[in-house]
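Peer 1: First the structure, which I've put down as structure tokens, then a few questions once you've had a look.
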Amino acid sequence: MRAVFALAVITFKEGIRNRSLFGIVLLALFLFGLNIMVAGFFMRDVGKVTVDMNLSALSFAGLLLVFFVGVNLMAKDIDRKTIHLVLSKPISRAQYIWGKYLGIQFFLVVSLSLLFVFSCMTVVLLLSLYPNYFGGFSWVQFVVACFFVLVKFSVLTAIVVFFSAITTSSLITLIFSFASYIAGVTIEEVVFYLKSEFASQEQMISEGLRHFIAVVSYLLPNFSVFDYTLEAAHGLTIESSRMLLSVGYGVVYSCILLSLASVIFARREFN
Amino acid sequence: MDEIQLCAVSKTYNPGLFKKKVNAVKDLSLEIASGEVFGLIGPNGAGKSTTIRMLLGLIRPDSGSILFRGKALTEQDIRSEIGYLPENPYLYDHLNLRELLRFCGRSSQLSVEQIVHRSQELLAKLDLLEAQKRPLRTFSKGMLQRAGICFALLHDPSIVIFDEPMSGLDPIGRKMVFDLVMELKQQGKTIFFCSHILSDVERLCDRICLISKGRLIKQFHRDDFLQSMSQAVFLEVTDIPEQHREKPLAMGVQIRQEGQGCLLAVPGENYFSVSAYLQEVGIEILGCRAEWVSLEDLFMQHVKEQEQ
């Protein structure tokens, strides 16, 4: 456990001192600023637009953090053979995987928490400027939606670690992780469509394709379970059972991926 | 007792589809005794780094076995006993040396006091005390090499594996590392040393193995270079015609053809008479040497033989 924590600490420090982080934070600040500037154009929907834009800015920044910093934190170790030095110490391959994941996770939590503070400041400012148009807004729903942005990127981090463990270059890791993200965001809509009446009238969709998508939908991460934007924007009640299910899904999916990554990584050879 | 034994170890790399497999190491058998400074030399692609990676468990041999103190490597984790310095240590750019060493100590289960004590001791020895708070990305190549050595030695391992430790070091740095290796040797550590700088290998190692194309070519002992002719004077001279060789040979001189000239091993007591004879027959003395045969000579000779 000590080795896992030691590895997590240096991974976190490597990430937090990466200059890309400043660029991503600046970009997020620009998006929050843009929100303040354009909010007045929407009047009755100011509250909804504010929540939407803030959650989108957090999501976009999180995506950039995982792909530009997170990928490098593990895949670069393998690319640059730093892993030879690390694995020459009494650290098992599984400890390496979990240590790296925890380190990237700390980094994400700290970075997204900082952005969350800025996001809250934006909401507070707009709330004071347009108090009459934030009728359905609730801080609880907003915080829950922000929390699930973090959970979504925790799962994406597990995907990045998994692909870093099985591929030989950071570029391949980036491509596979990005493809998984895109597929994970859209898979639920595809499945809904295939189950709809429109799809049953469609001649082009074969039974084979239906079965294939049914199988793939269980393998791919379903990122839409972490999307609480609608509830936060409209101030709808979020059931605690749904939240528990979403967190449980994220935790189980990440654990399975990391365990698989540990098994594959243990068999891997480093030339 | 042998500290490390490699028994008929082979390793083949598969470079990809439709490409020929590469035999990186083939039937390699070695023994490294406890407290010995063991040098592994060979041309590029000879299999030195592959051998080291198999020892560290980064890759697995296809056949053969590696034993550590008589027990198979697959049955035990020996990494707490090993300190490893790779050829070009790529360290974490955004960390400083102190943080890197703290990580090394914690992963090796050292206490905070031990980490601080060992770090300061090694940093002082390798002249890195002032640089310990600087990010590693600002380090020069030589400083990175010395930082890598600190990383390898922090947990006081009993076996030290150095892959090109002198690479990128200036003469002062080389002297520092040389002294450190000698100190480790005095402490009874087993040192596995890989280098292309043959003069360093020759000076430091008790035993040297030459490998080429993954096979063991020759093993030399330190005494092979010192020879039994330690009392002799070694002279480099112009070519000696056959008719003038008889008299020097009668005076106990050994003659070895070397390129356009000859190398003579002259017994100390006959030096003046041999020198006078050479002058008399018009053979010029070009210089003198400290040894009859250098590791470089042996290296070139055996590698050429292997290629033929």
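The values are calculated or read from the model by the stated rules, or taken from the named source; none is laboratory data. This is a predicted model, so every value here is computed, not measured. No Cβ is skipped: glycine too gets one built from the backbone with ideal geometry, and neighbour counts run over all protein chains shown.
Peer 1: Whether any residue in the range B:44-57 is in a strand (DSSP E or B), more than 9 Å from chain A (Cβ to nearest Cβ) and surrounded by fewer than 23 Cβ atoms within 10 Å (Cβ to Cβ) is what I want to check. Quick ask: steps written out before the conclusion?
Peer 2: At the first step, the residues of the range B:44-57 found to be in a strand (DSSP E or B) are none.
For the range B:44-57, residues in a strand (DSSP E or B), more than 9 Å from chain A (Cβ to nearest Cβ) and surrounded by fewer than 23 Cβ atoms within 10 Å (Cβ to Cβ): absent.
Peer 1: Evaluate the following for residue A:101: is it modelled with pLDDT of 90 or more, within 14 Å of chain B (Cβ to nearest Cβ) and either under 28 Å from residue A:49 (Cα atoms) or crowded, with 22+ Cβ neighbours inside 10 Å (or both)?
Peer 2: Values: modelled with pLDDT of 90 or more: yes; within 14 Å of chain B (Cβ to nearest Cβ): no; either under 28 Å from residue A:49 (Cα atoms) or crowded, with 22+ Cβ neighbours inside 10 Å (or both): yes.
Criteria not met by residue A:101.
Peer 1: Do you know which residues across the range B:67-87 are among the charged types (D, E, K, R) and either free of Cβ contacts under 8 Å to residues at least 40 places away in the same chain or closer than 19 Å to residue A:84 by Cα (or both)?
Peer 2: Of everything in the range B:67-87, those that are among the charged types (D, E, K, R) and either free of Cβ contacts under 8 Å to residues at least 40 places away in the same chain or closer than 19 Å to residue A:84 by Cα (or both) turn out to be B:71, B:75, B:77, B:79, B:81, B:87.
Peer 1: Given the residues B:197, B:208, which is the only one that is free of Cβ contacts under 8 Å to residues at least 60 places away in the same chain and more than 14 Å from every other protein chain (Cβ to nearest Cβ)?
Peer 2: Details: B:208 fails: free of Cβ contacts under 8 Å to residues at least 60 places away in the same chain.
Just a single option satisfies the conditions, and that option is B:197.
Peer 1: Moving to a separate point now. Residue check, residue A:36 against (1) surrounded by fewer than 17 Cβ atoms within 10 Å (Cβ to Cβ); (2) within 30 Å of residue A:120 (Cβ to Cβ); (3) more than 9 Å from chain B (Cβ to nearest Cβ); (4) out of contact with any Leu (no Cβ under 7 Å at 6 or more places or on another chain), all met but one. Which one?
Peer 2: Residue A:36 satisfies every listed condition except (4).
Peer 1: Could you say whether any residue in the range A:18-33 is of a type in the set (A, V, I, L, M), surrounded by 13 or more Cβ atoms within 10 Å (Cβ to Cβ), within 28 Å of residue A:96 (Cβ to Cβ) and within 14 Å of another protein chain (Cβ to nearest Cβ)? Steps first, answer last, please.
Peer 2: The initial filter retains those residues of the range A:18-33 that are of a type in the set (A, V, I, L, M), namely A:21, A:24-29, A:31.
Filter once more, so that each one left must be surrounded by 13 or more Cβ atoms within 10 Å (Cβ to Cβ): A:21, A:24-25, A:27-29, A:31.
Next, only the ones that are within 28 Å of residue A:96 (Cβ to Cβ) stay: A:21, A:24.
Now restrict to residues that are within 14 Å of another protein chain (Cβ to nearest Cβ): A:21.
Checking the range A:18-33: at least one residue is of a type in the set (A, V, I, L, M), surrounded by 13 or more Cβ atoms within 10 Å (Cβ to Cβ), within 28 Å of residue A:96 (Cβ to Cβ) and within 14 Å of another protein chain (Cβ to nearest Cβ).
Peer 1: Tell me which residues, restricted to the range B:58-80, are part of a loop (DSSP other than H, G, I, E, B), of a type outside the set (A, V, I, L, M, F, W, C) and in contact with an Asp or Glu (Cβ under 8 Å, 6 or more places away or on another chain).
Peer 2: Within the range B:58-80, the first condition is being part of a loop (DSSP other than H, G, I, E, B), and the residues that meet it are B:58-62, B:69-70, B:76-78.
Restricting the remaining residues to those that are of a type outside the set (A, V, I, L, M, F, W, C) gives B:60-62, B:69-70, B:76-77.
Result: B:60, B:69, B:70.
Peer 1: Determine which member of the set B:64, B:16 is on the phi > 0 side of the Ramachandran plot and without any contact (Cβ under 8 Å) to a residue 24 or more places away in the chain.
Peer 2: Values: B:64 fails: without any contact (Cβ under 8 Å) to a residue 24 or more places away in the chain.
Every option except B:16 fails the conditions.
Peer 1: For the range B:66-94, give me each residue that is within 7 Å of chain A (Cβ to nearest Cβ), modelled with pLDDT of 85 or more and buried (at least 20 other Cβ atoms within 10 Å of the Cβ).
Peer 2: B:82, B:84, B:86, B:92
Peer 1: If you don't mind, another one. Being at pLDDT below 85, more than 15 Å from residue B:232 (Cα to Cα) and in a helix (DSSP H, G or I) is the filter here, so list the residues in the range B:253-301 that pass it.
Peer 2: B:295, B:296, B:297, B:298, B:299, B:300, B:301
Peer 1: Now, a different point. For the range B:95-113, enumerate the residues that are of a type in the set (A, V, I, L, M, F, W, C) and within 8 Å of chain A (Cβ to nearest Cβ). Walk me through how you get there before you give the answer.
Peer 2: Narrowing the range B:95-113 to residues of a type in the set (A, V, I, L, M, F, W, C): B:95, B:97, B:100-101, B:103-104, B:110, B:112.
If the condition is that a residue be of a type in the set (A, V, I, L, M, F, W, C) and within 8 Å of chain A (Cβ to nearest Cβ), then B:95, B:100, B:103, B:104 are the ones that fit.
Peer 1: Just the residues that are touching an Asp or Glu at 6+ places or on another chain (Cβ under 6 Å) and of a type in the set (Gly, Ala, Ser), please, taken from the range B:153-182.
Peer 2: B:158
Peer 1: May I pose another question? From A:265, A:223, which residue is surrounded by 16 or more Cβ atoms within 10 Å (Cβ to Cβ), within 14 Å of another protein chain (Cβ to nearest Cβ) and at pLDDT 85 or above? Lay out the reasoning, then the answer.
Peer 2: Working: A:223 fails: within 14 Å of another protein chain (Cβ to nearest Cβ).
When all the criteria are applied, what remains is A:265.
Peer 1: Also: Among all residue pairs at least 6 apart or on different chains, which show Cβ distances below 6 Å where the first residue, located in the range B:265-286, is of a type in the set (Phe, Trp, Tyr) and the second is modelled with pLDDT under 85?
Peer 2: Note: pairs meeting the criteria are B:271/B:233.
Peer 1: For the range B:153-189: of the residues being of a type in the set (Gly, Ala, Ser) and assigned to a loop (DSSP other than H, G, I, E, B), which is surrounded by the fewest Cβ atoms within 10 Å (Cβ to Cβ)?
Peer 2: From the range B:153-189, those of a type in the set (Gly, Ala, Ser) are B:158, B:167-168, B:173, B:188; that's our starting set.
Still in the list and also assigned to a loop (DSSP other than H, G, I, E, B): B:158, B:167-168, B:188.
Working: B:158: 17, B:167: 17, B:168: 18, B:188: 10.
The selected residue is B:188.
Peer 1: Name every residue in the range A:165-208 that is farther than 24 Å from residue A:225 by Cβ and touching a Lys or Arg at 6+ places or on another chain (Cβ under 9 Å), in order of residue number.
Peer 2: Matches in the range A:165-208: A:165, A:166, A:170.
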